[in-house]
Amino acid sequence: VLDALVSDAARLWNEKPHDLLYAFDRPFLRRMSMADPSRERRAGYRIHELQSHSPAARRLYLHPRLHRVAGLILGEQPVAIQSIFFEYGSAQALHRDPVFVQTAEAGHLIAAWIALEDIDPSSGPLVYIPRSHRLPPYEFKPGVYRFDSRILGDEHLRAEHEWLGEQMRSRGLQRTIFTPKKGEVLFWHAGLYHGGETI
């Protein structure tokens, strides 16, 4: 299933379906039909909702065992709401998902990261801060806890990272990298600070 998913993603770079979204280098989504594989199929790109065009991705997205574990964690029936495929390590800065992904009820969001190959420390693995989900939410402005690019800028993200650094030092929190074998899964609380290590 994992190999078929990777093959499907490669096929879609050639087919370039107009109803599939991807992002390259920045968070802005574009239609895959506008993609330039020679320039953009490298570190920094991701495909959103791959399960809409890949039967293999759909099998993982709806996998009964993953949903069972998610249900045990949440204490209720889970609903899959988003998938992101990374061919390369994301190299994303540390962040919390609720800052960018809104849910009706705070704290009712978890993520599952599935390794599509053996992950090496030099390949840009997932990095996370154990116990950081217990930190209070960061307030970008009075009463503003979500990042909205219409009212917030890069300086607000830098301020959040400085705050996180202070919290880590004062609480003795350390960065940890996740180097799983192919097929292993990591579930995490949406409030956990995580990102991508340098490739």
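The values are calculated or read from the model by the stated rules, or taken from the named source; none is laboratory data. A quick note: this is a predicted structure, and the numbers were derived from the prediction, not measured. Backbone-built Cβ (ideal geometry, glycine too); neighbour counts: all protein chains shown. For the accessible areas, the whole protein counts, side chains as well, though only heavy atoms, and no ligand, DNA or RNA atoms are used. Shrake-Rupley method; radii C 1.70, N 1.55, O 1.52, S 1.80 Å.
Odds and ends about this structure:
- Model label points for Thr198 and Glu15, set 7 angstrom from Cα along the Cα-to-Cβ axis, are 3.8 nm apart.
- Residue with peak Gaussian network fluctuation, the chain [Cα springs, cutoff 10 Å], from Ala70, Ala112, Ala80: Ala80
- Computed over the Cα atoms of the chain, the ratio of the radius of gyration to the Kirkwood radius (Rg/Rh) comes to 0.95.
- Of all aspartates and glutamates in the structure, those lying under 20 Å Cα to Cα from Lys182, and not within fewer than 8 positions of it along the same chain, are Asp3, Asp8, Glu87, Glu117, Asp118, Asp120, Glu197.
- Lys, Arg +1 and Asp, Glu -1 on Cβ, resulting dipole of the chain about Cα centre, debye, nearest 20: 160 debye
- Signed unit charges on C-beta, dipole axis of the chain, positive-most listed residue Ile114, Leu62, Tyr193: Leu62
- For Leu62 and Arg146, the FRET efficiency from 1/(1 + (r/R0)^6), where r spans their Cβ atoms and R0 equals 30 Å, is about 0.60.
- Per residue, region 129-170 exposes 66 Å² of solvent-accessible protein surface, assessed with a 1.4 angstrom probe and all protein chains in place.
- Separation of alpha-carbon centers, region 11-29 and region 72-95, rounded to whole Å: 18 Å
- Ranked order, Thr198, Thr179 - accessible area, probe 1.4 Å, largest first: Thr198, Thr179
- Among Leu157, Phe178, Ile73 the positive-end extreme of the charge dipole of the chain (Cβ point charges): Ile73
- Length available on full extension from Phe100 to Phe28: 0.36 nm per residue minus the Cα-Cα distance, which gives 24.7 nm.
- Entry note, region 129-199: relative contact order of 56 percent, from Cα contacts under 8 Å with a spacing of 6+ residues.
- Taking every alpha-carbon pair under 8 Å whose residues sit at least 6 apart, the chain reaches a relative contact order of 26 percent.
- Per residue, the accessible area of region 1-115 comes to 59 Å² when a 1.4 Å probe rolls over the protein heavy atoms.
- Within the accessible area of region 48-199 (1.4 Å probe), percent carbon and sulfur: 52 percent
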